[in-house]
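Asker: The structure's right below; bear with me while I get my questions together.
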Amino acid sequence: MFTDTLSAASVRHPKPPNTTFAYGTAGFRTLGSLLDSTVFRVGVLASLRSAKVGGKTIGVMITASHNPPEDNGVKVVDPLGEMLPQLWEPYATQLANSDNLEDDVRDIVSRENIDVAQAGLVVVGMDTRETGPQLLRAAIDGIEVFGRAKSFGELTTPQLHYLVRSHNDPGFGEPSEDGYNKKIVGAVEEILRLWNIQEPLEITVDAANGVGAPKLRNLSSNSIIITIVNSNTQDKSALNVECGADYVKTNQKLPSNLQPRDHQLYSSFDGDADRVVFYYADGPRFQLLDGDRIATLLASFLNKLLQQAKVEAKMGIIQTAYANGNSTRYIQETLQIPVDFTPTGVKHLHHKAQEYDIGLYFEANGHGTVLFSDDFIDSLKSAQSCSPEGKRALKTLILLTELINQTVGDSISDLFAVLLALRIQDKTCVDWGRDYTELPNKLFKVLVKDRFAFKTTDAERRLVEPAGVQAQIDALVAAYAQGRSFVRASGTENAVRVYSEAASAADCAELGARVCQLLE
Ligand code: NG1
Ligand code: ZN
């Protein structure tokens, strides 16, 4: 019986006292020093999941994304590169907090009717954090109770998603990091050839001192020239500090170590390279080009290609409440593309995007991707176009379905998609910045006694609990031109977030501060 192996292994990974763990939007996330037992147990769960799905390959990623260097985290990736289904999240929480692991494992095995002998491969990756290697060993220990583990060492989160999918679906690409690189560089180079573009794509990327730095370096070629700043993965205390996509987006300013030339495009990745934001300087003015902008740029580019190829597609953009109000207006009124709203968290956005032939989802913070449905890809492949322009557009669309990561937001593939969209349309970063003007906006973090007391509705745009607070927010918002503000509990930090926007920066700051006061 498995109980012997399980108990022997779990003794090596004791649970810290007085700590409870919860599998949230981004898996488990807390101080890395507290996570050994949790990661071990997630390893156990991942192999149970593999057994449940008939031995398919499952993934485990050890990362805390944009969080500070001392944090870490872990999440499970399903066979096609999707997040662990929501129905299984309580099992993860149950195991992480269990005081009797054998009983709880047996409980899950019986509830899910799992034949543990079916457990197959679990692939594991980590970002560059100090606690990563030890947690990776804990994951492997857990996986090997029932299944087999294969460690890929340091990876970006999207690379791990790619590897899981390609292990289960050989048509997706070779199941190796090299396979990932070849797929991306191959698509970029072919698109450049199609459009007869001789000059290489060039950009400077702030890699947040994280795993994106070495991984981007692997992609350099004659047609891709990338300069990387904040690439120090050796100094473990530097990760995400005063740099990276989250820092740039939240503070709306340049990262350290970047001296911008006016009107030149720059970009920042986050610590595990699944988010990307862009920006340029215009004298003292800093123009951020965030996830909302990426969605609008790619949607209008795709629309043009569809027109040239004379192909019809049902296209939609999915946003969260954090999307700037003027981006939503621009999408609906100028681009005339429908917008849907979902709660924060990629699993919600991804799911909604799957309802379209082309579903674009981007969180304002730069996490997102473009999903192309299988039927739509098939229709592209069988479509005929007689004009050379139509043929080129058709081929470009097909190559974009390969370049853009179909499993999860990927800073590397999003970076190239954006650079190609700009280059092919002969659009500068300044033109991009002029598509629309953001409403001034601000994000606040409030530490409250119990963040779980904050319950929302309407894609997290309205509070239902604590009772009465929403009416007070409504009253404040009504006093500001183009005012909007909402409150929700963070799924990744022990805090409540407040968002505000208004016609002027002063109003926006005042509105946000007044809403924060309501929560104290
Ligand atoms: P929380 O902490 O739930 O707000 C943050 C981001 C999400 C998402 C997750 C996962 C904001 C305001 N929130 O979630 O969009 O990216 O992290 O990493 O950016
Ligand atoms: Zn991330």
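Asker: Have a look at R451, R434 and point out the one that is touching a strand residue (DSSP E or B) at 6+ places or on another chain (Cβ under 7 Å) and outside the structural domain of S65 (by TED's automatic domain parsing). Explain how you work it out, then say what you get.
Answerer: Working: R434 fails: touching a strand residue (DSSP E or B) at 6+ places or on another chain (Cβ under 7 Å).
So the residue among R451, R434 that is touching a strand residue (DSSP E or B) at 6+ places or on another chain (Cβ under 7 Å) and outside the structural domain of S65 (by TED's automatic domain parsing) is R451.
Asker: Checking the condition among the polar types (S, T, N, Q), in contact with a His (Cβ under 7 Å, 6 or more places away or on another chain) and either at pLDDT 95 or above or within 16 Å of ligand 1 (Cβ to nearest atom) (or both), which residue from N257, N251, N240 passes? Break it down into steps so the answer makes sense when it comes.
Answerer: Values: N257 fails: in contact with a His (Cβ under 7 Å, 6 or more places away or on another chain); N251 fails: in contact with a His (Cβ under 7 Å, 6 or more places away or on another chain).
So the residue among N257, N251, N240 that is among the polar types (S, T, N, Q), in contact with a His (Cβ under 7 Å, 6 or more places away or on another chain) and either at pLDDT 95 or above or within 16 Å of ligand 1 (Cβ to nearest atom) (or both) is N240.
Asker: To continue, here is another question. For the stretch 204-213, indicate whether the set of residues that are surrounded by fewer than 18 Cβ atoms within 10 Å (Cβ to Cβ) and of a type outside the set (S, T, Y) is non-empty.
Answerer: The answer is no; no qualifying residue exists.
Asker: Can I ask one more? Could you grab the pairs with beta carbons closer than 8 Å, sequence gap of 6+ or different chains, first residue in the stretch 331-354 and outside the structural domain of L84 (by TED's automatic domain parsing) and within 16 Å of ligand 2 (Cβ to nearest atom), second one at pLDDT below 95 and in a helix (DSSP H, G or I)?
Answerer: Every condition considered, the pairs that remain are K347/Q86.
Asker: If a residue has to be in contact with a Pro (Cβ under 8 Å, 6 or more places away or on another chain) and within 16 Å of ligand 1 (Cβ to nearest atom) to count, how many in the stretch 22-62 make the cut?
Answerer: Total satisfying the criteria: 1.
Asker: Considering only residues that are open to solvent by less than 10 Å² (accessible area, probe 1.4 Å) and assigned to a loop (DSSP other than H, G, I, E, B), look in the stretch 242-259 and name the one that is farthest from L216 (Cα to Cα). I'd like the intermediate steps shown before the answer.
Answerer: Step one: list which residues in the stretch 242-259 are open to solvent by less than 10 Å² (accessible area, probe 1.4 Å), which gives 243-245, 248, 255.
Retained after the next criterion (residues that are assigned to a loop (DSSP other than H, G, I, E, B)): 243-244, 255.
On the way: C243: 17, G244: 15, P255: 18 Å.
So the residue we want is P255.
Asker: While we're looking at this one, here's another question. Grab the helices (runs of 4 or more DSSP H) fully contained in the stretch 107-198, keeping just those with 3 or more residues being open to solvent by 20 Å² or more (accessible area, probe 1.4 Å) and charged (D, E, K, R). Break it down into steps so the answer makes sense when it comes.
Answerer: Details: elements: 132-143, 157-168, 177-194.
Correct list: 177-194.
Asker: Only one of these conditions is not met by V487: (1) farther than 19 Å from R329 by Cβ; (2) at pLDDT 95 or above; (3) open to solvent by 40 Å² or more (accessible area, probe 1.4 Å). Which number is it?
Answerer: So the condition that V487 fails would be (3).
Asker: Given the criterion within 16 Å of ligand 2 (Cβ to nearest atom) and of a type in the set (K, R), identify the matching residue among K52, K15, K75.
Answerer: Values: K52 fails: within 16 Å of ligand 2 (Cβ to nearest atom); K15 fails: within 16 Å of ligand 2 (Cβ to nearest atom).
Checking each option against the conditions leaves just K75.
Asker: Next up: Which residues, counting only those in the stretch 491-519, are within 16 Å of ligand 1 (Cβ to nearest atom) and in contact with a helix residue (DSSP H, G or I) (Cβ under 7 Å, 6 or more places away or on another chain)?
Answerer: The answer is N494, A495, V496, V498, S500, E501, V515.
Asker: Name the single residue, out of those in the stretch 254-275 being within 18 Å of T233 (Cα to Cα), touching a strand residue (DSSP E or B) at 6+ places or on another chain (Cβ under 9 Å) and not polar (S, T, N, Q), that is farthest from ligand 2 (Cβ to nearest atom).
Answerer: Per the stated criteria, the residue is L258.
Asker: Moving on. Only one residue in Q86, Q94 is touching a residue at least 60 places away in the same chain (Cβ under 8 Å), out of contact with any His (no Cβ under 7 Å at 6 or more places or on another chain), among the polar types (S, T, N, Q) and not assigned by TED's automatic domain parsing to the domain that holds G345, so which one is that? Before you say what the answer is, go through the steps one by one.
Answerer: Numbers: Q94 fails: touching a residue at least 60 places away in the same chain (Cβ under 8 Å).
That would be Q86, the only listed residue that is touching a residue at least 60 places away in the same chain (Cβ under 8 Å), out of contact with any His (no Cβ under 7 Å at 6 or more places or on another chain), among the polar types (S, T, N, Q) and not assigned by TED's automatic domain parsing to the domain that holds G345.
Asker: Restricting to the stretch 260-273, name every residue that is over 15 Å from V418 (Cβ atoms), away from ligand 1 (no atom under 12 Å from the Cβ) and in a loop (DSSP other than H, G, I, E, B). Reasoning before the result, please.
Answerer: First pass over the stretch 260-273, keeping only residues over 15 Å from V418 (Cβ atoms): 260-263, 270-272.
Checking the rest, the ones that are also away from ligand 1 (no atom under 12 Å from the Cβ) come to 260-263.
If the condition is that a residue be over 15 Å from V418 (Cβ atoms), away from ligand 1 (no atom under 12 Å from the Cβ) and in a loop (DSSP other than H, G, I, E, B), then P260, R261, H263 are the ones that fit.
Asker: Next question, about the same structure. Name every residue in the stretch 63-83 that is under 16 Å from Y247 (Cβ atoms) and within 15 Å of ligand 1 (Cβ to nearest atom), in order of residue number. Please lay out each step first, then the result.
Answerer: Here is the first cut: in the stretch 63-83, the residues under 16 Å from Y247 (Cβ atoms) are 64-69, 71.
A64, S65, H66, N67, P68, D71, listed by residue number.
Asker: In addition: With respect to S37, is the statement that it is away from ligand 2 (no atom under 16 Å from the Cβ), in contact (Cβ under 8 Å) with a residue 40 or more places away in the chain and either farther than 21 Å from V145 by Cα or in the same structural domain as F21 (by TED's automatic domain parsing) (or both) true?
Answerer: So S37 fits the description; yes.
The values are calculated or read from the model by the stated rules, or taken from the named source; none is laboratory data. Note that the structure is a prediction, hence the values are computed from the model and not measured. Please note: Cβ atoms are built from the backbone with ideal geometry, for glycine as well, and neighbour counts cover all protein chains shown. Protein only, heavy atoms only, side chains kept; ligands, DNA and RNA dropped before computing areas. Shrake-Rupley method; radii C 1.70, N 1.55, O 1.52, S 1.80 Å.
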